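Below is one structure; the comments refer to it alone.
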Amino acid sequence: MPLFWLECAKKLEAIAKTGLFYSSNPYDKERFEQIAAISNELIGHYTGLKPSEVDNFYNSENGYITPKVDIRSVIFKDDMILMVKEKSDGKWTVPGGWADIGFTPYEIAVKETLEESGLKVKPVRVLAIMDKKCHAHPPSPFYTYKIFILCEIIGGRLKASIETTEAKFFSLTDLPELSEERITSDQLNIIVERFYNPEVLIYCE
């Protein structure tokens with residue numbers, strides 16, 4: 001139930017910020033500010049952020065509020081999967097991060113993999129597009145879509161980065177503790193299934 005209210009609060013936040021951007025009537029703006037204040041409190045309650053911090057997150061967005069996009073690279077070698085250890089929580093995930101303006105999803109996958117693992121890769125195909133709310137991630141202030149892209153190694157060598165302390169291939173039967181903010185075990189199962197069964201359609205939920 002808490003996650004239900006968190007998702008409702010995110011929707012209210014998006015409506016409020018969009019309304020504040022497009023409205024010229026001062027009375028409408030006042031109402032949207034009140035909605036934003038309530039949603040800030042709700043999001044802060046479930047994520048541990050201060051309402052002012054939530055407000056700052058959303059104030060960085062102008063115009064119509066849309067989901068953020070998280071691009072993740074999926075790289076296999078000899079039935080093992082590449083994972084990187086995050087400095088922020090000391091846990092493991094597949095390489096990736098927020099999509100940058102000016103880059104295609106494939107370009108982001110290549111860039112993030114090189115930055116976080118030291119490997120040069122080429123994109124092969126999209127394995128899955130996931131709405132974060134449909135999977136067991138910890139509470140987050142952002143409404144997020146995640147795109148998992150299968151890539152092949154073409155060069156480079158494994159190394160740490162500014163954001164990661166280690167990059168390593170793991171057996172699918174002996175995985176490390178996952179950074180569930182970034183990837184969950186059910187998501188990992190889904191992308192592994194798509195990798196081994198390329199005739200199965202792209203997962204989208």
(request) May I ask for the distance between the Cα centers of segment 55-109 and segment 153-190, given as a whole number of Å? (result) 13
(message) Would you work out the Kirkwood radius for segment 2-59? I mean one over the mean of 1/r across all pairs of different Cα atoms, in Å.
(response) 11.2
(message) When the expected Rg is taken as 2.2 N^0.38 Å, what fraction or multiple of it is the alpha-carbon Rg of the chain?
(response) 1.13
(message) Based on Cα coordinates alone, diagonalise the gyration tensor for segment 122-205, multiply each eigenvalue by 5, take square roots, and list the semi-axes in whole Å, largest first.
(response) 21, 19, 13
(message) What does the net charge come to around Ile35 if you take all other residues with beta carbon closer than 14 Å to its beta carbon, with K and R at +1 and D and E at -1?
(response) -1
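Grab the other residues whose beta carbon is less than 11 angstrom from that of His137, score K and R as +1, D and E as -1, and report the net. Walk me through the numbers on the way to the answer.
Working: positive: Lys132, Lys133, Lys146, Arg182; negative: Asp70, Asp131, Glu180, Glu181, Asp186.
With Lys, Arg at +1 and Asp, Glu at -1, the neighbours total -1.
Once you've got the Cα coordinates, tell me which of Lys17/Lys87; Lys111/Lys168; Lys11/Lys85 are over 29 Å apart. Walk me through the numbers on the way to the answer.
Details: Lys17/Lys87 32 Å; Lys111/Lys168 18 Å; Lys11/Lys85 32 Å.
In this structure, Lys17/Lys87; Lys11/Lys85 lie more than 29 Å apart at Cα.
Throughout, read-outs are computed from the coordinates displayed, never taken from laboratory work. Worth saying up front: this structure is predicted, and the values here are computed from it rather than measured. So basically every Cβ, Gly included, is an ideal-geometry build from the backbone, and we count neighbours across all protein chains shown.
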